[in-house]
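Notes to accompany the following structure.
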Amino acid sequence: MFGLTEEEFALFGLTVGVGAFMLYMLFIIGQLAWESKAGKFGTFVIFLGLAFGMLGFVAKGLIQWLMTS
């Protein structure tokens, strides 16, 4: 498909697709915090929980890159 192998297509989908999904989740969480009037601390806690998941995804990619280099 599009001149890519299955492995290249899966890698692209994983990195770009999940990255785009993370940005969309940031937007959704921001909207929820705004509409619920969570306040500064509540918004911080919401985004902190989301940031731990994103940090894990980025760390996984970094560790994989370091192990293959």
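Only the coordinates and a few stated rules stand behind these numbers; no lab work does. Values in this document were obtained by computation on a predicted structure and should not be read as measured data. Here Cβ is always computed from backbone atoms with ideal geometry, including for glycine, and neighbour counts include all displayed protein chains.
Among the residues that make up segment 51-69, is at least one of them more than 17 Å from the chain's Cα centre (by Cα) and at positive phi? Within segment 51-69 (the criterion being more than 17 Å from the chain's Cα centre (by Cα) and at positive phi), the answer is no, since none of the residues qualifies.
MET25 fulfils the conditions (1) over 10 Å from the mean Cα position of the chain (by Cα); (2) touching a residue at least 24 places away in the same chain (Cβ under 8 Å) except for a single criterion, (1). Residue count for segment 27-54 under the criterion of being within 17 Å of LEU14 (Cβ to Cβ) and among the hydrophobic types (A, V, I, L, M, F, W, C): the result is 1.
Would you be able to tell me the number of residues in segment 14-69 that are assigned to a helix (DSSP H, G or I) and either basic (Lys, Arg) or in contact with a Lys or Arg (Cβ under 7 Å, 6 or more places away or on another chain) (or both)? Step through it out loud before you land on a result.
Keep residues of segment 14-69 that are assigned to a helix (DSSP H, G or I), which gives 14-35, 39-68.
Among the residues that remain, those that are also either basic (Lys, Arg) or in contact with a Lys or Arg (Cβ under 7 Å, 6 or more places away or on another chain) (or both) are: 40, 60.
Here the count works out to 2.
Taking (1) at positive phi; (2) in a helix (DSSP H, G or I) in turn, GLY3 satisfies each apart from (2).
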